[in-house]
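Worksheet: one structure, shown below.
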Amino acid sequence: MLAAFGLAVAGLATGGAGSADAQGAGAPGQGHAQAQAQAQAQARAVPKHAVTGYWQNFNNGATVQRLSQVQDQYDIIAVAFADATGTPGKVTFNLDSAGLGGYTVAQFKADIKAKKAAGKSVIVSVGGERGAVSVNSSTAAANFATSVYALMQEYGFDGVDIDLENGLNATYMTQALKSLSQKAGPGLVLTMAPQTIDMQSTSNAYFRTALNVKDILTVVNMQYYNSGAMLGCDGKVYGQGSVDFLTALACIQLEGGLAPSQVGIGTPASPRGAGSGYVAPAVVKNALDCLARGTGCGSFKPSRTYPGIRGAMTWSTNWDALNGNAWSSAVGAHVHGLP
């Protein structure tokens, strides 16, 4: 098993013609010009090093926030979550006005507009632990793309986050995301938040999907929490809650075909933000330094550095607020100071 895994990872080079880090290597022509325009549009929308935070459209004991109250360190705000409908693949969004203290749809839309004016990206997240969205056919893929694009037009969302924790079909999700990209254009912000098990091998559906859409993919912020022990890219087993867990698992993605700019580290903002896997902000900072600079590593040290690594993600801006903004204050400033 370990040998096969190692061969699977070793057989794929980091970056590629579709990645933001390799756009300049293509042949001249219309396709290359389009790729350059796309890379430039994404660069305008999302900083080179970015912090992603999930904003809770519900009250579960964390600090209730309006979107206008989301901490300034967050560059990408993922609104959690879109809702499934009775139509396969189709999603909708229902603001929890009652749970959020009377927050109105008009106020929500105005806050999205203001965040965007301040240089932030606001996207709608699909899935979550209890999410029931399923894209398992071409019809469902078309419904997904059409409905997400409709939400982008209605609310002003910049894109979509894929946080499907109950299974994903690589073939049809790829269809859905490519169709959405065609509708939305090169400014689409596309993020993913797979669980650790989903990114252990390039043969896994989530990893395949990420590679299939890497020409339009902004960042994969894997969830380094609520996880058991996992294999690192060196074939060794690492337990969650350590800098080695963050770096050795990120290495799988970095050496498995994603560009450094498409890899982020996702951790809880407070011990209450997840069932397990919380690490102090200092650990996240060390992991980022290890990957970007080769410093701050634990027992695992990558064979090379990835200064272009995108940054970090947290669940959630609300748990962060309840914890005195400790996560965003420490990790946000550190991400924005990466090389």
Need the failing condition index for residue 217 against (1) open to solvent by 10 Å² or more (accessible area, probe 1.4 Å); (2) in contact with a strand residue (DSSP E or B) (Cβ under 7 Å, 6 or more places away or on another chain), just the number. (1)
Among the residues of the stretch 280-300, write down those that are under 13 Å from residue 242 (Cα atoms) and in a loop (DSSP other than H, G, I, E, B). 280, 296, 297, 298, 299, 300
Looking at the stretch 307-333, which of its residues are more than 17 Å from residue 222 (Cβ to Cβ) and polar (S, T, N, Q)? 317, 318, 323, 325, 328, 329
Do you know which residues across the stretch 153-195 are among the hydrophobic types (A, V, I, L, M, F, W, C), open to solvent by less than 30 Å² (accessible area, probe 1.4 Å) and in a helix (DSSP H, G or I)? 170, 173, 176, 177, 180
When the residues of the stretch 220-230 are filtered to those that are in contact with a helix residue (DSSP H, G or I) (Cβ under 9 Å, 6 or more places away or on another chain) and of a type outside the set (Phe, Trp, Tyr), which remaining residue is most open to solvent (accessible area, probe 1.4 Å)? 226
For the stretch 292-320, how many residues meet the condition of being open to solvent by less than 30 Å² (accessible area, probe 1.4 Å) and either hydroxyl-bearing (Ser, Thr, Tyr) or closer than 16 Å to residue 51 by Cα (or both)? 14
Could you list all residues from the stretch 43-61 that are open to solvent by 10 Å² or more (accessible area, probe 1.4 Å) and either out of contact with any Asp or Glu (no Cβ under 6 Å at 6 or more places or on another chain) or among the hydrophobic types (A, V, I, L, M, F, W, C) (or both)? 43, 44, 45, 48, 49, 58, 59, 60, 61
Residue 106, sole failed condition from (1) over 24 Å from residue 226 (Cα atoms); (2) assigned to a loop (DSSP other than H, G, I, E, B): (2)
Does at least one position in the stretch 266-278 carry a residue that is open to solvent by 10 Å² or more (accessible area, probe 1.4 Å) and either among the polar types (S, T, N, Q) or free of Cβ contacts under 8 Å to residues at least 12 places away in the same chain (or both)? yes
The residue that is nearest to residue 81 (Cα to Cα), considering only those in the stretch 301-335 that are of a type outside the set (Gly, Ala, Ser) and in a strand (DSSP E or B), is 315
Where a residue in the stretch 206-218 is modelled with pLDDT under 95 and its partner, wherever it lies, is open to solvent by less than 20 Å² (accessible area, probe 1.4 Å) and among the β-branched types (Val, Ile, Thr), with Cβ under 9 Å and at least six apart: none
Hits in the stretch 120-153 (condition: charged (D, E, K, R) and without any contact (Cβ under 8 Å) to a residue 40 or more places away in the chain): 129, 130
Do we find that residue 148 is at pLDDT 95 or above, out of contact with any Pro (no Cβ under 7 Å at 6 or more places or on another chain), hydrophobic (A, V, I, L, M, F, W, C) and in a strand (DSSP E or B) in this structure? no
Go through the stretch 201-223 and give me each residue that's in contact with a Pro (Cβ under 9 Å, 6 or more places away or on another chain) and in a loop (DSSP other than H, G, I, E, B). 204, 216
Failed condition for residue 86, given (1) open to solvent by 20 Å² or more (accessible area, probe 1.4 Å); (2) within 22 Å of the chain's Cα centre (by Cα); (3) at pLDDT below 95: (2)
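The values are calculated or read from the model by the stated rules, or taken from the named source; none is laboratory data. All values derive from a computational prediction rather than experimental measurement. Glycine gets a Cβ as well: all are built from the backbone with ideal geometry, and neighbour counts include every protein chain shown. Each accessible area value is taken on the protein alone, full model and side chains, heavy atoms only, with ligands, DNA and RNA left out. Shrake-Rupley method; radii C 1.70, N 1.55, O 1.52, S 1.80 Å.
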